[in-house]
Amino acid sequence: MASWARSALAAVTLAALVGAGCQAGAKKAARQEEMLSAAGFRTIPADTPERVDALHRLTPGRVTPVLRGERTYYVYPDPEKCGCLYVGTADEYDSYKQIVHQAGHPDPGPVPWNEGALGNAAMNVQVWGPWWD
């Protein structure tokens with residue numbers, strides 16, 4: 001096989017693998033969102049410029065604890081698919097972990113509190129409305 005043909009075949013193979021990886025990542029995100037909804041997480045749309053900005057300051061695709069007063073909430077920003085913020089309480093996060101386990105996915109484990117501090121710093125709570133109370 002000529003070297004140009006090998007290069008072309010390698011490029012096509014690489015593109016297929018990257019496409020499959022992106023598709024697998026999208027399917028994983030969709031499953032995670034379904035599991036969050038099944039666990040009782042609510043969605044809050046990023047329907048104002050302030051919410052869009054706040055949503056993009058959070059780490060997408062990752063459940064992060066956020067302290068508000070004496071309560072801990074768990075947030076999952078989804079700027080790509082729904083343009084929204086999934087929000088749950090500790091009970092809903094526990095349900096989510098159970099659903100993940102029952103589905104045969106790896107246990108998400110405890111969310112590191114240092115990430116919660118980052119979530120608190122990045123979260124502009126005033127723009128998300130009354131669910132905090």
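Quick rundown of the values:
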item: Residues (open to solvent by 20 Å² or more (accessible area, probe 1.4 Å) and not in a helix (DSSP H, G or I)) located in region 47-64; result: ASP47, THR48, ARG57, THR59, PRO60, GLY61, ARG62
item: The lone exception for CYS82 - which of (1) assigned to a helix (DSSP H, G or I); (2) surrounded by fewer than 19 Cβ atoms within 10 Å (Cβ to Cβ); (3) not aliphatic (A, V, I, L, M) it fails; result: (1)
item: Single condition THR72 does not satisfy, out of (1) open to solvent by less than 20 Å² (accessible area, probe 1.4 Å); (2) in contact with a strand residue (DSSP E or B) (Cβ under 6 Å, 6 or more places away or on another chain); result: (1)
item: Given (1) in a helix (DSSP H, G or I); (2) at pLDDT below 80, index of the condition LEU67 fails; result: (1)
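Residue by residue, here is whether (1) over 25 Å from GLN126 (Cβ atoms); (2) charged (D, E, K, R) holds:
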site	(1), (2)
ALA54	no, no
THR59	no, no
VAL63	no, no
ARG71	no, yes
GLU80	no, yes
GLU92	no, yes
ILE99	yes, no
GLY104	yes, no
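The values are calculated or read from the model by the stated rules, or taken from the named source; none is laboratory data. Note that the structure is a prediction, hence the values are computed from the model and not measured. Because the Cβ atoms are built from the backbone with ideal geometry, glycine has one as well, and the counts that use them run over all protein chains shown. We work out accessible area using only protein heavy atoms, side chains counted, and drop any ligands, DNA or RNA first. Shrake-Rupley method; radii C 1.70, N 1.55, O 1.52, S 1.80 Å.
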